[in-house]
Amino acid sequence: MKTESKQIQTDFLVIGSGIAGLTYALKVADHGKVIMLTKDNEDESNTKYAQGGIAAVIHEPDSYEKHIKDTLECGDGLCDEAVVRMVITESTERVIELAEWGTKFDKMPDGEYDLAKEGGHSEKRILHYKDKTGFEIERALLEQARSNSNIIIHDHFFVVDIITQHHLGVEVNKNTPDVKCFGVYVLNLKTGKVETILAKTTLMATGGAGNVYENTTNPVIATGDGIAMVYRAKGRVENMEFIQFHPTSLYNAAAKRPSFLISEAVRGLGGLLRTKNGKEFMQKYDKQGSLAPRDIVARAIDNELKTLGHEHVWLDCTHLDPDEIVKHFPNIYAKCKSIGIDMAKDFIPVVPAAHYICGGIKVDMWGRSSIENLYAAGECSSTGLHGANRLASNSLLEAVVYAHRAALDASKAIGNISIEGNIPDWNDSGTSYPEEMVLITQNLREVQQIMSSYVGIVRSDLRLKRALDRLNIIYQENEDLYDRTTVSPQLCELRNLINIGYIIIRSAMKRKESRGLHYSVDYKPGEGSSRKF
Ligand code: FAD
Ligand code: SIN
């Protein structure tokens, strides 16, 4: 049966309502009609959960050169220096704009921004709103977007795939030079119908993919949808082996999703990592101790846990001023208190959890992907800023800088693009509703287990091969299910996560060295890497 669907047209289409999508929408709205699609509630996003803040150079003793150096060192030899320089020199302007849009970054009594420090930063340069910076940014941007009559936000609209020549019957493969994006097929979760939205230009701002692992700080919406869609459409995706595990998520024996994050800013204020026996251990691994770059800290914790057979390490804040703890981290303090831990008196049990994907849709300096009329910004993109390991709080920064640049470029280009009129409606002939949900839920659990056991903080050739073999079986099963089943978010998310797992494994297999977040017991640190283990 062919679904009868309406076709909607717009100038600018935005997929995702996190910091990247909203920033872009606010900027292009002066140049045409904007439709924003988002698969859950308007505010549900990784952005909403960001704690520590946004990195930017504000005043001396900090400088652009220092922030550039920290970013390059953290990226372990793989950053694109031109991109790093561009993003960081544009940082001040972009955070001022966020403040002008209504974000209330914390200030000191003298009116200066209250800057915090995080791992790998040589200076205090993190602007924040207590320990709920993302929540505050999302609130301010959504308020702006809702009051802009050129922006229409459709929540509970799940984008299934981008539309290219492939949907006009033209063969598209990796070598097709001019793949074009004409819009998307989107499942309207309120009606259950797949609609066609055609756009002159589209921004992918679908965020991360933490749910490909068992333990993640990411909310359940982070299933790598945009990256998987672009991969399926034969767009370029890169650097996917670099998965950042945040060193300190609250130990979560019940494996609830998501794992609660204990911000790096807690270590920035002086919190110290200790083994379960109470011993400090980070100095053994790096001279920056508990505030070393994230890949080093996560790997060190993983090593201590495996050596000692413990299930978590401690984060010790008991030597810090209790008033400062409550003032800076009210959200974290309240969460710990709710499970019987008083941060000022008790150690906090923490473990690493999948947190951020450094790779993604390859874009140029203007956010242009390899597919014509398709931009990408935020966590789903790969810009060259993070290299092999992202510096803390550089993600929100990257998202606003690239959303801004993509908006400038798209606004200029829009006059020369017309809507493709011959797109067929979504065809669901021969499909039916799934008989058993367990076919999806069990495969999802297996993907997450495979990725966590074999493609986590420490990898090996054997583990990667085993992961690929297992994943291939699940891939075949799910493609078969997809072909005969009416689309649902659960089915599409599983399909996307299988694609994401596959790309991570294949990228990891190709890297014949250890570097940054990709550590293999079979390879030494590559040339130019500063990592010692
Ligand atoms: P998101 O904010 O994740 O938004 C993605 C949007 O896309 C969502 O609206 C989602 O619903 C939508 N979407 C996804 N798929 C589809 C689909 N198929 N159809 C329709 N819509 C879809 N970074 C920092 O720089 N500083 C921090 O302090 C910090 N703290 C963090 C703390 C936590 C707990 C987490 C999880 C991340 C943190 N990060 C931090 C990382 C940072 O928050 C994210 O990288 C950033 O917010 C990503 O923004 P985004 O706009 O790219 O994506
Ligand atoms: C944190 O607050 O520790 C998260 C910061 C980040 O992921 O950049």
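The values are calculated or read from the model by the stated rules, or taken from the named source; none is laboratory data. Remember, predicted model here, so these are calculated numbers, not experimental data. So basically every Cβ, Gly included, is an ideal-geometry build from the backbone, and we count neighbours across all protein chains shown. Surface areas here come from the heavy atoms of the whole protein model, side chains and all, with no ligands, DNA or RNA. Shrake-Rupley method; radii C 1.70, N 1.55, O 1.52, S 1.80 Å.
Quick notes
- Inter-label distance for Arg466 and Arg236, nm, one decimal - labels placed 7 Å from Cα along Cα-to-Cβ: 3.5 nm
- For segment 331-468, the share of alpha carbon pairs falling in successive 10 Å distance bins from zero is 9, 19, 23, 29, 16, 3, 0 percent.
- Relative to the dominant Cα principal axis of the chain, helix 294-308 is inclined by about 70°.
- Rg over Rh for segment 397-490 works out to 1.16, both radii taken from alpha-carbon positions and Rh defined as the Kirkwood radius.
- Sites Trp366 and Ala255, calculated FRET efficiency, Cβ-Cβ separation with R0 45 Å, nearest 0.05: 0.65
- Cα-Cα pairs of segment 46-99 separated by more than 17 Å (percent): 43 percent
- Cα long-axis angle, helix 133-146 against the chain (0 to 90 degrees, to the nearest 10): 30 degrees
- Summarising the label geometry, the points placed 7 Å from Cα in the beta-carbon direction at Val458 and Asn416 lie 5.4 nm from one another.
- Extension gain, Asp425 back to Asp323 (0.36 nm per residue minus Cα-Cα distance, nm): 30.8 nm
- Estimated translational D of segment 73-156 in µm²/s (Stokes, Kirkwood radius over Cα pairs; 37 °C; 0.692 mPa s): 215 µm²/s
- Share of carbon and sulfur in the accessible heavy-atom surface of the chain [1.4 Å probe, %]: 49 percent
- Ordering Lys66, Lys306 by accessible surface, largest first, gives Lys306, Lys66; the 1.4 Å probe counts only protein heavy atoms, with every chain in place.
- Computed from the alpha carbon positions, the gyration tensor of segment 194-303 leads to an equivalent ellipsoid with semi-axes of 36, 16, 12 Å, biggest first.
- Taken over the alpha carbons of the chain as equal point scatterers, the Debye sum produces base-10 log I(q)/I(0) values at 0.05, 0.09 Å⁻¹ of -0.18, -0.62.
- Probe 1.4 Å, protein heavy atoms only - accessible area per residue of the chain in square angstrom: 39 Å²
- Entries in Lys132/Lys412; Lys132/Lys306; Lys279/Lys306; Lys48/Lys130 that, when Cα-Cα distance is taken, lie over 25 Å: Lys132/Lys412; Lys132/Lys306
- Coil-residue chymotrypsin sites (Phe, Trp or Tyr not before Pro) of segment 472-519, DSSP, other Cβ within 10 Å capped at 16: none
- Value of [θ]222 nm, deg cm²/dmol, for the chain, DSSP H segments ≥ 4, -39500 (n - 2.57) each, nearest 500: -10500 deg cm²/dmol
- Area of Arg470 that stays accessible when all protein chains are in place (1.4 Å probe, Å², to 10): 110 Å²
- Ile96 versus Ile152: modelled label distance in nm, points set 7 Å from Cα along the beta carbon direction: 3.6 nm
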